[in-house]
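Inspection log for the structure reproduced underneath, given as structure tokens.
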Amino acid sequence: MAIKKESHPEDVSIISAGVKIDGDLHSEGNVRIDGGVTGNITINGNLTLGESSEIKGIVKAQNVNMNGKIEGSVIVSERLKLESKSVMKGDITAKVLIVDEGALFDGSSKMNSQAKSSSTYGE
């Protein structure tokens with residue numbers, strides 16, 4: 001008998017503060033990062049970066065809410081929000097870009113009116 005694994009889109013994988021990953025991170029669901037990642041991140045869902053998060057690499061996701069630090073490129077098929085404590089050093093590609101007062105952004109942005117399919121994330 002086959003076991004059917006149910007997917008819950010509201011489930012979130014959490015990388016806590018104090019956790020550091022050296023390598024690429026891939027997820028089919030939503031992720032919250034409060035720790036550090038040195039490597040590329042590919043999320044086929046929503047990515048939340050807390051205040052203590054530090055990312056060095058290429059980030060690809062459907063939606064990103066950012067309040068930490070990224071040094072690298074960010075490619076978002078839908079919406080990227082740089083919250084007030086964000087520090088973004090690198091290039092951004094997104095359909096919608098929101099920058100709160102106080103956020104720091106050093107790079108270029110490209111507004112993409114057509115959302116990329118999730119298959120693009122794996123490339």
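Since every read-out is calculated from the coordinates, none of them should be taken as a lab result. Since we're looking at a predicted model, the values are computed, not measured. With ideal geometry, Cβ positions are generated from the backbone for all residues, glycine too; neighbour counts draw on all protein chains shown.
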Taking the mean number of other Cβ atoms within 10 Å as a proxy for protection, how do you rank 87-99, 55-67, 35-47 from highest to lowest?
-> 55-67, 35-47, 87-99
Rough spin-label spacing in nm, given labels placed 7 Å along Cα→Cβ, for ASP91 and ILE21 | 2.4 nm
How far, in nm, would the chain grow between ASN112 and GLU78 when pulled straight, counting 0.36 nm per residue and subtracting the alpha carbon separation?
-> 11.4 nm
Which values of log₁₀ I(q)/I(0), to two decimal places, follow from the Debye formula for the range 12-114 at q = 0.18, 0.19 Å⁻¹ with a uniform point scatterer at every Cα?
-> -0.74, -0.83
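Identify the GluC sites (Glu not before Pro) of the range 74-113 meeting these criteria: DSSP loop state and at most 13 other C-beta atoms within 10 Å of the C-beta.
On the way: sites: GLU78, GLU83, GLU101; in loops: GLU83, GLU101.
Those satisfying the criteria are GLU101.
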Please get the size of the charge dipole for the range 14-123, origin at its Cα centre, with Cβ charges of +1 on Lys and Arg and -1 on Asp and Glu, quoted in debye to the nearest 20.
-> 180 debye
